[in-house]
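Student: I have a structure here, written as structure tokens, and I will follow up with some questions on it.
The values are calculated or read from the model by the stated rules, or taken from the named source; none is laboratory data. Remember, it's a predicted structure, so these values are computed and weren't measured experimentally. Here Cβ is always computed from backbone atoms with ideal geometry, including for glycine, and neighbour counts include all displayed protein chains. Ligands, DNA and RNA are excluded from the accessible area calculation, which covers all protein heavy atoms including side chains. Shrake-Rupley method; radii C 1.70, N 1.55, O 1.52, S 1.80 Å.
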Amino acid sequence: MLLLYTVIITATFALVGVRMHVRDVPPLVSTFLLLGALLAAGGSIGMRMQMFSLLLLAVLLLILEKARSERAPRLLFYVPPLLCLWANLHGGFMIGLAVLGIALCGSVIERISAATEPRPRSGPLALALVASTLATLLNPNGVAALIYPFRFLKRNPFTTRIAESLPPAFNDPVTIAFGVLVSVLLLSLLLSQQRVNVTDLLLAGAFTLLAFSQARNIAVWVVAVLPITASAITGAVGRFRNRAKEHVPIQAQSAALINGALLTIVIAAYTLIAVNYLDTSRLAAMESEHFPLGAVAILKNDHRPHRVFCDYEWGGYVSWALGDRGLVFIDGRADTVYPTSVLDQYLSIASGLAGWHQELTKYGADAVILPPSAPLARLLVTDAQWEIAYADRLSVLYVRSSPARL
């Protein structure tokens, strides 16, 4: 499974690199931007179904890029099957339809404002959008699949609870890297000597708003907007390069040395990032720093099935670690699986509000894994039905010491 997602993520960023190549972006600029993109998207990429959406978005944008740059509308015939596949893999397919809609709007505006021939053709894009919308209906849920993604556009108890569903706070390396990339985009657009087409401006604006609304969309921004940023940088650099050449000609040997030094820095940075994911000891250290390894190990060695009430952030890990011998109260799949009532129950129990004991018993929990400072963890210390089976600085495991009583 890890290999599959590694291939998907690598392919996604490779396709972003191909889009920059199609736009004639210098390799050095592409390399530096991809390095920043990996950091900015780091908070969202991983072993999760969203990676399929990122990959298929990269494929769709490359098709549109090639169709526009090569004036080859026949390439759009690949779009409806792509969207059909996407709709059967992940709810993010609506992003694909939105991209087609933006591309169509941009094409219409450019056609109206074009002063010379040949003008952009909007018909093929319109047909692709209609055909793709119909193709997405070929899924087990039919029209309901089209409606479902709109649930995530408005605030709900889950989005206010999940950190990545909140706007970026710009207080960590991931969101700071995103902020730098957005700043570079805006500055380069202002300084670029190249005309930016309307579709690029619409895409950049739409995906920037999306990323500022929820941090989880930063990775989507990277896939969609990074090549646009690269083009703007190329235009801005070209402007200043031309001015510099008029005053101080750069010797070929000096340019080669500068490029070689920059490339060495980039390769070293990529290597440092890769080491974190290839070194098993580092991975183990990261796992122990963020997840309740010790508590889960106790339950795994018990060789019995358990119903576990654990911290929301640990639900997915505990479920994965225990496999079919562990059923958690709630996990990070949020409202894709659980109704809001389950989240309300979880918050009530975890906060130790009135009735927590009855709710925990009704669920049939025989194990509780929480941070030591959690309100419920402090209440269980004095409860005769529970005893501590394991504790460390990160987590405490309580198991029932007597049969549950309502």
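Student: Using the beta-carbon distance between V237 and V7 and R0 = 45 Å, what value does 1/(1 + (r/R0)^6) give for FRET efficiency, to the nearest 0.05?
Tutor: Working: r = 33 Å, r/R0 = 0.73.
FRET efficiency, V237 to V7: 0.85.
Student: Would you work out the charge dipole size for the chain about its Cα centre, treating the Cβ of every Lys and Arg as +1 and the Cβ of every Asp and Glu as -1, and quote it to the nearest 20 debye?
Tutor: Numbers: 31 positive and 24 negative charges, 223 e Å.
My answer is approximately 1080 debye.
Student: Right, here's the next one. At R0 = 30 Å, how high is the FRET efficiency between A268 and L186 if r is their beta carbon distance? Nearest 0.05 is fine.
Tutor: Numbers: r = 29 Å, r/R0 = 0.95.
According to the calculation, E is roughly 0.55.
Student: Based solely on its DSSP helices, what 222 nm [θ] is calculated for the chain when runs of n ≥ 4 H residues each add -39,500 (n - 2.57) and the sum is averaged over all residues, nearest 500 deg cm²/dmol?
Tutor: Dividing the helical sum by the residues of the chain leaves -20000 deg cm²/dmol.
Student: Here's a follow-up. Keeping every protein chain present and rolling a 1.4 Å probe, give me the accessible area per residue for the range 1-61 in Å². Don't skip to the answer; put the middle values down first.
Tutor: Values: 2610 Å² over 61 residues.
Here the residues of the range 1-61 average 43 Å² of exposed surface.
Student: So, one more: For the range 338-406, give the percent of accessible area contributed by carbon and sulfur heavy atoms, probe 1.4 Å, rounded to a whole number.
Tutor: Using a 1.4 Å probe with all protein chains present, the range 338-406 comes out at 58 percent carbon and sulfur.
Student: Give the residue from V222, S395, G294 lying farthest towards the positive end of the charge dipole for the chain; charges sit on Cβ (+1 for Lys and Arg, -1 for Asp and Glu) and the dipole is referred to the Cα centre.
Tutor: Towards the positive end, the residue furthest out is V222.
Student: Put +1 on the Cβ of each Lys and Arg and -1 on the Cβ of each Asp and Glu in the range 29-140; which of L39, G92, V59 then has its Cα farthest toward the positive end of the dipole?
Tutor: In the range 29-140, that residue is V59.
Student: Ignoring ligands, DNA and RNA, please state the percent of accessible area on the range 1-112 from carbon and sulfur, probe 1.4 Å. List each step's numbers first, then the result.
Tutor: Details: 3690 of 5000 Å².
Answer for the range 1-112: carbon and sulfur cover 74 percent of the accessible area.
Student: Report the Rg/Rh value for the range 1-122, based on alpha-carbon coordinates and the Kirkwood definition of Rh.
Tutor: On the way: Rg = 15.9 Å, Rh = 15.8 Å.
Reported Rg/Rh, Kirkwood definition of Rh: 1.01.
Student: Test of understanding: extend the Cα→C-beta vector of L327 to 7 Å, then name every residue of the range 285-317 with backbone N under 19 Å from that spot.
Tutor: 299-300, 302-312, 315-317
Student: Sorted from largest down, what three extents in whole angstroms do the Cα atoms of the range 276-326 have along their principal axes?
Tutor: In descending order, the Cα extents are 33, 22, 16 Å.
Student: Would you be so kind as to identify all helices of the chain, as entire DSSP H runs, whose Cα atoms reach 20 Å or more along the helix's own axis and whose mean Kyte-Doolittle hydropathy is at least 0.0? Present the calculation step by step, with values, prior to reporting the outcome.
Tutor: Values: long enough: 2-22 (30 Å, 1.80); 50-69 (28 Å, 1.52); 93-113 (31 Å, 1.80); 173-191 (27 Å, 2.54); 198-213 (23 Å, 1.76); 218-247 (41 Å, 0.63); 252-278 (38 Å, 1.57).
Span-like helices, by this rule, are 2-22, 50-69, 93-113, 173-191, 198-213, 218-247, 252-278.
Student: Please check which bits of the range 194-220 a label hung off A163 would reach, taking the label as a point 7 Å along Cα-to-C-beta and the cut-off as backbone N under 19 Å.
Tutor: In the range 194-220, the label zone of A163 (backbone N under 19 Å from the point 7 Å along Cα→Cβ) covers 211-220.
Student: So for the chain, what percent of the C-alpha to C-alpha distances run longer than 39 Å? Walk me through the numbers on the way to the answer.
Tutor: Details: 26498 of 82215 pairs.
Here the tail beyond 39 Å accounts for 32 percent of pairs.
Student: Turning to a different aspect of this structure: Leaving out ligands and nucleic acids, note down the accessible area per residue over the range 285-349 with a 1.4 angstrom probe, in whole Å².
Tutor: Details: 3190 Å² over 65 residues.
That works out to 49 Å² for each residue.
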